[in-house]
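What follows is a short report on a single structure.
The values are calculated or read from the model by the stated rules, or taken from the named source; none is laboratory data. Everything quoted here is computed from the prediction, not taken from an experiment. All Cβ positions, even for glycine, are placed from backbone atoms using ideal geometry, and neighbour counts span all protein chains on display.
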C-alpha cells in the first residue's frame, strides 16, 4: 500500500469539491451493479458533476461544492474554521493519488524503504 508524503499547501482545492468513491466487492449482486451503474449514469447527466469509472468495481463522482467552513487568511491561503474538529475524511485527504492536490504524493513502500536506507547511509 502506498505511503502518503508531503504537506498541505493550503490551496483549498480539497474543500471546493466533493468526491465520492464507490467500490464494489465481488459479493455484490447483479441488481446492485445495475443500480450503481444507473446512479453513475444519472449523476453524469448533471451539470458540474464528473464521473470517473476506474474499472468494473470502482468509480468516483465529483462535483463543485465549497465547504461552508472554508475561509482565507490575509495572504489568500485556505483556512478551515473548524480545523481542530474537522471530519476525519478531511484529516486524511487525499487518501490516494489526486491530481488536484499539489501538496501530497504517494510512493510505494519499497521506494520509501530505499529512500530511508539511502538517507541512513549518507548521514552515517
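So which of 63, 19 ends up being under 18 Å from residue 92 (Cβ atoms), surrounded by 15 or more Cβ atoms within 10 Å (Cβ to Cβ) and out of contact with any helix residue (DSSP H, G or I) (no Cβ under 7 Å at 6 or more places or on another chain)?
From the options 63, 19, the qualifying one is 19.
Given the residues 94, 99, which is the only one that is within 23 Å of residue 54 (Cα to Cα) and exposed (fewer than 11 other Cβ atoms within 10 Å of the Cβ)?
Within the list 94, 99, the selection yields 99.
Kindly evaluate residue 34 against the criterion of being exposed (fewer than 14 other Cβ atoms within 10 Å of the Cβ) and part of a helix (DSSP H, G or I).
yes
Given the residues 99, 95, which is the only one that is assigned to a loop (DSSP other than H, G, I, E, B), at pLDDT below 80 and within 16 Å of residue 13 (Cβ to Cβ)?
99
Being in the same structural domain as residue 97 (by TED's automatic domain parsing) and more than 20 Å from residue 67 (Cα to Cα) is the filter here; which residues of the range 1-44 pass it?
1, 2, 3, 4, 5, 6, 7
Hey, among the residues in the range 73-92 that are part of a loop (DSSP other than H, G, I, E, B) and in contact (Cβ under 8 Å) with a residue 12 or more places away in the chain, which one's farthest from residue 20 (Cα to Cα)?
Among those that are part of a loop (DSSP other than H, G, I, E, B) and in contact (Cβ under 8 Å) with a residue 12 or more places away in the chain, it is 77.
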